[in-house]
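Some notes on the structure that comes next.
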Amino acid sequence: MSAQTFFLPSGNAGPGQRFCLHHAAIPAVAARGAIVYIHPFAEEMNKSRRMAALQARAFAGAGFHVLHIDLYGCGDSSGDFADARWELWREDVALAAHWLRDSFPGPLTLWGLRLGTLLALDCAHRLRPDGLLLWQAVVSGQAHLHQFARLQTAARLLGGDTAPGADSHDIAGYSIAPALADAMRRQEAPPLPPACPVQWLELTPASPEQPPALQAASMLVIDRWRQAGASVTAKALCGTPFWSSSEIVEVPALLDASLDAMDSLAPAGAAS
């Protein structure tokens with residue numbers, strides 16, 4: 001079944017409309033709930049489209065309604081990226097969640113990738129989802145922004161452009177408002193765990209010497225949440241980082257692991 005594209009009026013979420021892509025649960029399977037996909041930052045969004053689409057189709061085949069929403073200033077939604085704000089993005093996630101809850105019964109899951117995981121965590125305390133699916137979670141917005149800045153610096157050096165005075169809020173070819181950059185720097189994986197179960201999936205490059213393992217920063221957050229009583233299931237998988245690859249990459253193991261994760265978050269019969 002093909003996905004439905006439409007624009008949601010933003011209402012209180014800011015000016016304009018938000019482009020949405022709805023993968024409907026296939027009728028032959030009992031409905032099990034709904035999932036909001038929260039895309040990553042800047043060019044990582046475009047490089048991740050293939051994997052996000054494959055996963056959404058797999059979820060739809062398993063009985064989930066999946067809504068991809070382009071955040072304000074991103075993709076085909078209204079606005080310029082330079083005018084994006086964290087609080088607008090937070091309202092966009094709420095807009096998507098409310099549309100799904102009004103349209104389809106059952107558990108609601110927030111599914112974030114990279115920076116989208118921090119946005120999902122930030123929204124979780126207000127939206128109270130039934131589960132969180134985190135792909136390659138970012139635990140520090142400041143470190144994430146620095147990563148993009150380092151990539152831009154390397155590109156300038158390779159291109160011979162070392163002129164001082166470059167706009168510090170022009171990151172990886174995207175003009176970022178100081179307010180958004182400041183908000184991103186303040187985002188951290190919260191010390192208090194989410195109230196809902198969490199499925200944490202992470203990719204590591206394949207290595208014959210050692211099995212895949214979660215990053216040390218991830219384990220610190222996961223251990224802290226578990227000690228506080230949270231339900232966190234974490235798994236590391238071998239796979240190419242498709243969000244930064246120069247080629248379109250598919251990681252079947254991540255698709256399969258995510259289906260297994262949703263079996264835990266929203267088991268069959270949950271929406272009946």
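Some points to look at:
- Output for segment 131-171, where each listed residue is open to solvent by less than 70 Å² (accessible area, probe 1.4 Å), at pLDDT below 85 and in a helix (DSSP H, G or I): Phe148, Ala149, Gln152, Ala154, Ala155, Arg156
- Matching residues in segment 245-262 - criterion: being open to solvent by 50 Å² or more (accessible area, probe 1.4 Å) and modelled with pLDDT under 95: Ser246, Glu247, Ile248
- Residues in segment 30-57 that are open to solvent by 10 Å² or more (accessible area, probe 1.4 Å), part of a helix (DSSP H, G or I) and of a type outside the set (A, V, I, L, M, F, W, C): Glu43, Glu44, Asn46, Lys47, Arg49, Arg50, Arg57.
- Hey, Asp92 open to solvent by 10 Å² or more (accessible area, probe 1.4 Å), modelled with pLDDT of 95 or more, out of contact with any Cys (no Cβ under 6 Å at 6 or more places or on another chain) and in a helix (DSSP H, G or I) or not: no
- Only listed residue being more than 30 Å from Ala30 (Cα to Cα) and open to solvent by 10 Å² or more (accessible area, probe 1.4 Å), chosen from Arg126, Arg101, Arg114: Arg114
- Count of residues meeting criterion [part of a helix (DSSP H, G or I) and either free of Cβ contacts under 8 Å to residues at least 24 places away in the same chain or among the charged types (D, E, K, R) (or both)] in segment 221-238: 5
- Where Pro191 falls short, out of the listed (1) buried (at least 16 other Cβ atoms within 10 Å of the Cβ); (2) modelled with pLDDT under 95; (3) within 20 Å of the chain's Cα centre (by Cα): (1)
- Residue identified as closer than 30 Å to Ser175 by Cβ, at pLDDT below 95 and open to solvent by less than 40 Å² (accessible area, probe 1.4 Å) among Gly73, Gly14: Gly14
- A Cβ distance below 9 Å, combined with a sequence gap of six or more or placement on separate chains, defines the contacts here; from segment 107-123, residues that are closer than 13 Å to Pro193 by Cα reach residues that are polar (S, T, N, Q) and not in a helix (DSSP H, G or I) in the pairs Leu118/Ser140; Leu118/Gln187; Leu121/Gln187; Asp122/Gln187.
- Screening Phe64 with (1) open to solvent by less than 10 Å² (accessible area, probe 1.4 Å); (2) touching a helix residue (DSSP H, G or I) at 6+ places or on another chain (Cβ under 7 Å); (3) farther than 22 Å from Asp260 by Cα; (4) of a type in the set (A, V, I, L, M, F, W, C) gives one miss only, at (3).
- Qualifying residue in segment 207-220 (condition: within 14 Å of Pro197 (Cα to Cα), touching a helix residue (DSSP H, G or I) at 6+ places or on another chain (Cβ under 9 Å) and buried (at least 16 other Cβ atoms within 10 Å of the Cβ)): no
- Every listed requirement among (1) within 28 Å of Phe64 (Cα to Cα); (2) modelled with pLDDT under 95; (3) buried (at least 16 other Cβ atoms within 10 Å of the Cβ) is met by Ala181 save one, (1).
- Close pairs from segment 34-62: first touching a residue at least 12 places away in the same chain (Cβ under 8 Å) and within 19 Å of His144 (Cβ to Cβ), partner charged (D, E, K, R) and crowded, with 20+ Cβ neighbours inside 10 Å, Cβ under 6 Å, at least 6 apart: Pro40/Arg114; Glu44/Arg114
The values are calculated or read from the model by the stated rules, or taken from the named source; none is laboratory data. Computed from a predicted structure; not experimentally measured. Positions of Cβ are backbone-derived with ideal geometry, glycine not excepted, and every protein chain shown enters the neighbour counts. Each accessible area value is taken on the protein alone, full model and side chains, heavy atoms only, with ligands, DNA and RNA left out. Shrake-Rupley method; radii C 1.70, N 1.55, O 1.52, S 1.80 Å.
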